[in-house]
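Worksheet for the structure shown next.
Every number in this text was worked out from the coordinates using simple rules, so none of it is lab data. Everything numeric here is computed off the predicted structure, so don't read it as measured data. With ideal geometry, Cβ positions are generated from the backbone for all residues, glycine too; neighbour counts draw on all protein chains shown.
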Amino acid sequence: MNRILRRVSTIFWELINFKLKIVGHIPSHFFRRFCYRLCGIKIGKGSMIHMGAVFYYPPNISIGKDTIIGEQVVLDGRGSLTIGDHVAFATGVMVYNAEHDVHDPEFKARIEPVTIEDYVFIGPRSIILPGVKIGKGAIVAAGAVVNKDVMPFTVVGGVPARHIKERELKNPSYKLGRAAWFR
């Protein structure tokens, strides 16, 4: 019986994911945000999600206030995904909190939470892997693959991501610019 219930649940969430992919191509930010919230994504005041975003299991995704999620971003909610306030995701960022355990003989899934704290910038085409915590004010350079925690106010880049330098701004208080309504 448990197996049947799991299968029905999987089919239900796959249908939700499919509908959200369609919604993600509607050029109205307000309509998309309304639909995303209906499916369980927690979205803070003033946050924007641009077109083409893909979500896996939306109820485990939490986005803080004044955060901008760029086009074609993938947000994995199969485990807990927490994104703070005043965070900027560039185009094509992928955040995963589930992956296969390559050392397990049955290749089972491994799920770990991902936390992205306030005032973080994640550059285009970056990938954040399961279990990672990105500290306040950190910057992830374009194309980086982050497989370990990033300390607050550091800049990381590369594959795998490595420390590049410290960020000079240590007490951010900025608000992000408003995203275009129809993007």
(Q) Shape verdict for region 105-182, please, from the Cα gyration tensor: rounded (a/c under 1.5), prolate (a/b greater than b/c) or oblate. (A) prolate
**Q.** region 58-122: Cα Rg divided by the 2.2 N^0.38 Å rule of thumb
**A.** 1.23
Q | Student exercise, the chain dipole from Lys, Arg, Asp, Glu Cβ charges, in Debye to nearest 20 | A | 520
(Q) Highest mean first, how do 81-91, 8-18, 168-178 rank when packing is the count of other Cβ atoms within 10 Å averaged over residues? (A) 81-91, 8-18, 168-178
Q.
Per residue of region 125-131, what does 6.51 cos²θ - 1.76 cosθ + 1.60 with θ = phi - 60° give for ³J(HN,Hα)? Whole Hz please, x for Gly and Pro, Karplus curve as stated.
A. 6, 7, 10, 10, 9, x, x
Q.
With N set to the number of residues, divide the alpha-carbon radius of gyration of the chain by 2.2 N^0.38 Å and report two decimals.
A. 1.04
Q: Write down the percent of antiparallel bridges among all DSSP beta bridges whose residues are both part of the chain, to the nearest 5.
A: 20
Q: Lys and Arg at +1, Asp and Glu at -1: add these up for the other residues within a Cβ distance under 13 Å of residue 107 and post the number.
A: -2
